[in-house]
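Read through the structure below, which is laid out as structure tokens, and then see the notes.
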Amino acid sequence: MLSKVVTKEEALSKIHDGQTIMFGDWHGEFAADEIIDGMIEKGVKDIAAIAVSAGMPDQGVGKLIVEKRIKSLITTHIGLNPVAGEQMLAGELEIEFSPQGTWAERVRCGGAGLGGCLTPTGVGTEMEKGKQKLMINGKEYLLELPLHADIALVKATKADTAGNISFRMNSRATNSTIAYAADFVIVEVEDVVEVGELGPEEIDVPAPIIDMIYVKTGEKKPLCPMWQRAKAKAEAKAKAKAEGGKK
Amino acid sequence: MERLTGRALIASRCAKFFKNGDFVNLGIGVPLMCVNYLPEGVDIWLEAEIGTVGSGAVPKWENVDVDVIDAGGQPASIIKGGSVYDHETSFAFIRGGHIDAAVLGTLQVDEEGNIANWTIPGKFVPGMGGAMDLCAGVKKIIVATDHCEKSGKSKILKKCTLPLTGANCVTDIVTEKCYFEVTSNGLLLKELAKDYTVEDVLACTEADVIVPDKIGVME
């Protein structure tokens, strides 16, 4: 079977200024961090991003926002990345908010050949602006249009060399959703195994959907920066309490 | 038993809405505190938007699993019998009417059951996350909130002034002072917390309140 395993440079050769890129993650956790760092180093800019949140300033797509490489973002939440809010209010970053379930279905439509979806979410709110409203069986729905990208940047736990990928626990996040909705799909993985080692029930997104597999070289499954900070804070608090108790 | 007040009382009262086996979504903050006050014999399936059914207690740092997180991206756990899903399925649970109840915090709520909790234009623009989907798809929307803003201004209004998260969707409002049921005629004062009188509640509620003859004690 054709191997889809590539180097970081080969993966980055597909990423260019001005592309529309979907980022799989959850507040910047479970993101393709080494490829994102590579994009910053390569100088990629003017990206139209589609991601469930703006990540955090030091996590996921949030790092590209801090570096001002993102010109627009279709997302559901930016509360954990204050830099995104500042850039939005300053007119430097164009943000389109989509309710989270709507965002997920718009991406799914983009990957499933559908022309959009009808959702009750947002009826009676400002989400109605500029959208068609349809009455189906006596209930109002908004027509929400599909999202599609040039590149999907996916993070998975494991891949085989053919390009089948698998996610552990919550690390699937939005990664399996976006994998179907782009012309070219690059996956960063913790580990790669031989074809056959991932069984039919373990494969979450199949090889024909995936174009490239990049095996990360850094630490496997590190605590993300947000957790490192929270843990350090908890330890400092416990230490202060223990020392206070001795007095 | 120690008498509960403030936010603990709000969480405790909200937890009493759940029946054994309910599928529930709890917002960050006071709503999530409900899990600490579940009545005896009531176990719930807690949904987390990341795609977890059966979200469990926050783990100790030595036990964290880097692949298990909550809606806010913090360390989490999954109870026995729990399971994980993709993003589309997570919101199919929510929009598809499969979740029995959701508890949400808010900036404003009004007597028509409208809720506004996702933005203060020009000042506070975090985005709505999954809140609009919850409002659209969950039959019982319980608002858990301080009765007033820090400035003393009522959060329980005749009509929300901020952009709405959901229209005519709130069924119950629980504050540190009282519990209102949202009816087609307006807010019905069902229960009062021990430290407060009807007059106290009316004084800090902008919305019209229906005061019945018999009012229960909120605990």
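Each reported figure results from applying straightforward, stated rules to the coordinates on display, with no laboratory input. Keep in mind it's a predicted model, so treat the numbers as computed, not measured. A quick note on method: Cβ atoms are made from the backbone with ideal geometry, for glycine too, and the neighbour counts reach across all protein chains shown.
Details
- Near the amide H of B:I78, within less than 5 Å, lie the amide hydrogens of B:G56, all on another chain or at least 5 residues away, with H placed in the peptide plane.
- Likely footprinting exposure, A:E34, A:E41, B:E111, A:E105, fewest C-beta neighbours within 10 Å first: A:E41, A:E34, B:E111, A:E105
- For B:F23, the amide hydrogen comes within under 5 Å of the amide hydrogens of B:W45, B:D100, B:A101, counting only partners 5 or more places away or on other chains and with H modelled in the peptide plane.
- Packing-based ranking, highest mean first, of A:177-189, B:35-47 given that Cβ atoms within 10 Å are counted: A:177-189, B:35-47
- For the stretch A:5-222, the fraction of C-alpha pairs more than 32 angstrom apart is 18%.
- Divide the volume of the convex hull around the Cα atoms of the stretch B:171-219 by the residue count and you get 72 Å³ per residue.
- Mean partner shielding of peptide B:161-171, defined as the number of other chain Cβ atoms within 10 Å of each residue Cβ, is 2.
- Dimensionless Rg/Rh of the stretch B:6-210 - Kirkwood Rh, Rg from C-alpha atoms: 0.97
- Ordered by the number of other Cβ atoms lying within 10 Å of each residue's own Cβ, fewest first, B:F93, A:F30 fall into the sequence B:F93, A:F30.
- Two-site label geometry, B:R7 and A:K221: point separation in nm, points 7 Å out along Cα→Cβ: 3.2 nm
- Computed over chain A with a Gaussian network model linking Cα atoms closer than 10 Å, the most mobile of A:A54, A:A236, A:A104 is A:A236.
- Peptide packing for A:140-152, B:195-207, B:125-137 was compared via the average number of neighbouring C-beta atoms within 10 Å per residue; ordered from the highest value, the list is B:125-137, A:140-152, B:195-207.
- Peptides ranked, highest mean first, by Cβ atoms within 10 Å: ranges A:63-74, A:206-217: A:63-74, A:206-217
- Volume in Å³ per residue [convex hull over Cα atoms, computed for the stretch B:1-111]: 142 Å³
- If both residues of a DSSP beta bridge must be in chain B, then about 50% of such bridges are antiparallel.
- Inter-chain shielding of B:90-101 (mean C-beta neighbours from other protein chains, 10 Å cut-off): 3
- Radius of gyration (Cα atoms) of the stretch A:170-225, expressed as a multiple of 2.2 N^0.38 Å: 1.21.
- Cα-based Rg and Dmax for the stretch A:12-65, where Dmax is the largest Cα-Cα distance (Å): 10.0, 26
- Modelled this way, with points 7 Å down the Cα-to-C-beta line, the labels at A:L114 and A:E41 are 4.0 nm from one another.
- Among A:G60, A:G115, A:G138, the largest mean-square fluctuation in a Gaussian network model of chain A (Cα springs under 10 Å) belongs to A:G138.
- Mean partner shielding of peptide B:185-192, defined as the number of other chain Cβ atoms within 10 Å of each residue Cβ, is 0.
- The protein assembly as shown - Debye-derived log10 I(q)/I(0), Cα point model, q = 0.10, 0.11, 0.12, 0.13 Å⁻¹: -0.77, -0.92, -1.07, -1.22
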